[in-house]
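Working notes, beginning with the structure itself.
Just so you know, all these numbers are worked out from the coordinates, no wet-lab data involved. If you're wondering where the values come from, they're calculated on a predicted model, not measured in any experiment. Glycine also receives a Cβ, built like all others from the backbone with ideal geometry; neighbour counts cover every protein chain displayed.
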Amino acid sequence: MTKDECKQVVLNIIADIAPDEDLSNVKPDVRLRDQLQLDSMDFLDIVMELRKRHGIEVPEADYMQLASLDSCAEYLTPKFNALAGKS
Amino acid sequence: MKPSRIVITGVGLTAPNGNTLAEFRANLLAGKAGIERMEIRYMGSQLAGVCHYDPLKYQKKKEVRVGTRAGSISIYCAREALADSGVNFETLPKDRVGIYIGCTEHGNVETENEIYNISKFNYDTKFWSHYHNPRTVANNPAGETSLNLGTTGPAYTIGAACAAGNMGLIHATQMLRLGEVDFAICGGVSESIHTFGIFAGFKSQNALATHENPLKASRPFDLARNGIVISEGGALYTLERLEDAQARGAKIYAEIAGYHVNSDASDYVLPNPVRQTECIRSALVRAGLQPADIHIVNTHATATPLGDIQECEAIRAVFGENCPETHINNTKSYIGHCMGAAGALELAGNLPSFDDLTVHPTINVDHLDPKCDLPGLVLNQPHKAAKVDTILNNSFGMLGINSTLIVRRFVP
């Protein structure tokens, strides 16, 4: 998985959990919370959907890694690739 | 000191056969029921009363996703009632608005959904939703409504089984009279068709209706009645003290005339006609009315073989043969049993009688059970009444809670 593909995975999840938001211009380097109406429960949704849909675990200590699309990609892409390598 | 006069100034509702009072009433007069078949988890196709309002009229998609069906129904009904009341909501002090919503139960739907959800993950509870607690707390429907409206006064639910719809109105009346709030949004809601447990529970009680034609399935007082049709729905009202309503020139639907609530203390599920009789009589006393003064009695009857007969016994004991202007009807024959919304919806369906002097009938009675043959029973066709100045609304619930609410035509 590339980092761009990883960003798309995260955007797909956000599209479901924040269906009123316009995601066409999300800036990858800006905190998601600063450009979208997302609260702490929504971030727990992102964590839950990563777990349910992709088998990815994000420990609480790492939640800050989900702050922006860029940081999501940095943090999650190796996890996706490690999972793909296992299977 | 005389208690404040409390009046109904707005109505918002969603029923299986209508999403506004006008649509609901038109269907009640036209004999149009609203029961359909619905897939219920683990149970397959079941008869149910389903509401078809548009949740996105007053909620964002995310609110619908995060919230509950009961919350969504409450928000729809509350917003519709506010719009109907004509109140300038922007200028209303938000900390003086109370929200009092009757519920039969709350939390079953979300709990069942989550157990089903984790069953897909080998019952690993790390897949259990973090929304479970805010969705299942008993105040959820009222809390979601306060979030949507931005009101900061008291907002909570009243658990009273199937007597809950009346209880919302009764409690709001009490709070207005106590001066706790200046404006109340109140009534009852139900999301019950989204929990298989209620269907399975009534089926195990042998109390779930069956019929090849869904529209004929709910048939209180009919000899062939065989149980309850479970429905969802909601009806919320705006209630105000008379002087406040008059000061803003509000349209007044009716005045709260009297009420009573009591308990059977006799059985978990079986009704108790003696206590029902006491409840009706006490409500009459508090309203300062005689039985013959009541022009419409809207029955609670749910179409269970025993329950209908017992309520008829209670009504016969109070109204007997000497109330020539008292008409008796039932609304569940159209919409099934809307549980916590039942009392509030059924009252709403009858309120327009003050204007059109027409009593909506009980439909689906092909063969009247002689034990339910009450004087004044309005069967299958609307009845033009000489006078409709009062409506008495019965709502009874499990664990033996009874509520009777009487409203009267507003006369300054």
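Which percent of Cα pairs goes in each bin when the distances of segment B:4-94 are cut into 10 angstrom slices starting at zero? That works out to 14, 35, 35, 12, 4, 0, in percent per bin. Taking each DSSP H run with n ≥ 4 as -39500 (n - 2.57) and averaging over every residue of chain B yields -9500 deg cm²/dmol at 222 nm. The angle separating the long axis of helix A:40-54 from the principal Cα axis of greatest extent in chain A is about 30 degrees.
Per the Kirkwood definition applied to all pairs of different Cα atoms, how many angstroms is the hydrodynamic radius of the protein assembly as shown?
24.0 Å
Bridging of B:K2 to aspartates and glutamates at a Cα separation below 18 Å is possible for B:E180, B:D182, B:E240, B:E243, B:D244, B:E255, once same-chain residues fewer than 8 apart are set aside. Percentage of Cα-Cα pair distances in segment B:322-412 greater than 15 Å, rounded to whole percent? That tail contains 63 percent of the Cα-Cα pairs.
Protection proxy ranking, highest mean first, for peptides B:22-33, B:178-189: B:178-189, B:22-33, where packing is the per-residue count of other beta-carbon atoms within 10 Å, averaged.
Compute the separation of the alpha-carbon centres of segment B:1-33 and segment A:1-58 and state it in Å as a whole number. For segment B:1-33 versus segment A:1-58, the Cα centre distance is 43 Å. Note on segment A:3-79: the alpha carbon radius of gyration divided by the globular reference 2.2 N^0.38 Å gives 0.97. When the listed pairs B:K61/B:K94; B:K216/B:K387; A:K3/A:K79; B:K60/B:K251; A:K7/B:K57 are checked against a 23 Å cut-off, the alpha-carbon distance exceeds it for B:K61/B:K94; B:K216/B:K387; B:K60/B:K251; A:K7/B:K57.
Dipole check for the protein assembly as shown: with +1 at the C-beta of Lys and Arg, -1 at the C-beta of Asp and Glu, and the Cα centre as origin, the magnitude is about 380 Debye. Each listed q (0.08, 0.12, 0.14 Å⁻¹) maps to a log10 I(q)/I(0) for chain B from the Debye sum over equal C-alpha point scatterers, namely -0.38, -0.88, -1.21.
Note on A:K27: aspartates and glutamates with a C-alpha under 19 Å away, same-chain residues under 8 apart excluded, are A:D4, A:E5, A:D16, A:D39, A:D42, A:D70, A:E74.
All Cα-Cα separations within segment B:1-52 were binned at 5 Å from zero, giving a P(r) of 5, 17, 17, 16, 12, 11, 8, 6, 4, 3, 2, 0, each value a whole percent of the pairs. In a reduced charge model with +1 at each Lys and Arg Cβ and -1 at each Asp and Glu Cβ, segment A:3-79 shows a dipole moment near 240 debye about its Cα centre. A convex hull fitted around the alpha carbon atoms of segment B:179-308 yields 183 Å³ per residue. Between the Cα long axis of helix A:3-17 and the first principal axis of chain A there is an angle of about 50°, rounded to the nearest 10. Checking the cross-link filter: which lysines have an alpha carbon closer than 18 Å to that of B:K126, excluding same-chain neighbours under 8 positions apart? Leaving aside lysines fewer than 8 places away in the same chain, those within reach of B:K126 are A:K52. Candidates A:L50, A:M64, A:A18 compared by Cα position along the dipole of segment A:3-79: farthest toward the positive end lies A:L50, with charges placed on Cβ.
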